[in-house]
Amino acid sequence: AAMQAPGQGMDPGLTAALMDGRARFFDALSDDFNTPEAWAALDGLVRAVNLAVEGQRPPADQLREANRVIVELLDVFALAPADDEAPAGIPAQVQQLADARIAARAAKDFAESDRLRDAIAALGYEVRDTAAGQELRSA
């Protein structure tokens, strides 16, 4: 639900929780493969994401980053989702280009943003910029 109605401003608390949770996870595993502590770190990270979604409503690109980190950690235990598609059925390659386009626009690199829009179009998808953020649609 949060991906359909994201917020506008980055949530610095969520960014810190993602970085800290990921670091705690890998520190636990490097400490004699302490899986209980690794699970606790993952649980804390998921709680932080849920609290952020309920409170600040982070922007879609920050939510995608949170999802990427959680999937990365789950993948260590071979528990990551099996399909390589974005939630709305957007191929991962198209989603990566769209995420890069968000970053290019944030950096005001409009030439790169236009190049990425063309690359997305070449893969059969259309990018629309709306008040709620970037939308991808099958062309």
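So the values come out like this:
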| read-out | value |
| --- | --- |
| Identity of the residue in region 41-72, without any contact (Cβ under 8 Å) to a residue 12 or more places away in the chain and among the aliphatic types (A, V, I, L, M), that ends up most open to solvent (accessible area, probe 1.4 Å) | 51 |
| Of all residues in region 104-126 being open to solvent by less than 70 Å² (accessible area, probe 1.4 Å), assigned to a helix (DSSP H, G or I) and at pLDDT 85 or above, the one that is farthest from residue 90 (Cα to Cα) | 112 |
| Candidate set from region 86-103 (those that are buried (at least 16 other Cβ atoms within 10 Å of the Cβ) and assigned to a loop (DSSP other than H, G, I, E, B)); member that is modelled with the highest pLDDT | 90 |
| Count of residues meeting criterion [assigned to a helix (DSSP H, G or I) and either touching a Ser or Thr at 6+ places or on another chain (Cβ under 7 Å) or under 20 Å from residue 95 (Cβ atoms) (or both)] in region 16-63 | 7 |
| Subset of region 22-72 [at pLDDT 90 or above and within 20 Å of residue 96 (Cβ to Cβ)] | 22 |
| Only one of 124, 133 that is on the phi > 0 side of the Ramachandran plot and in contact (Cβ under 8 Å) with a residue 60 or more places away in the chain | 133 |
| Matching entry among 83, 75 (being open to solvent by 60 Å² or more (accessible area, probe 1.4 Å) and modelled with pLDDT of 80 or more) | 75 |
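The values are calculated or read from the model by the stated rules, or taken from the named source; none is laboratory data. This one's a predicted model, so the numbers in the text were calculated from it and none came from an experiment. When we count neighbours, we look across all protein chains shown, and the Cβ atoms used for this are built from the backbone with ideal geometry, even at glycine. Heavy atoms of the whole protein, side chains included, go into the accessibility calculation; ligands, DNA and RNA do not. Shrake-Rupley method; radii C 1.70, N 1.55, O 1.52, S 1.80 Å.
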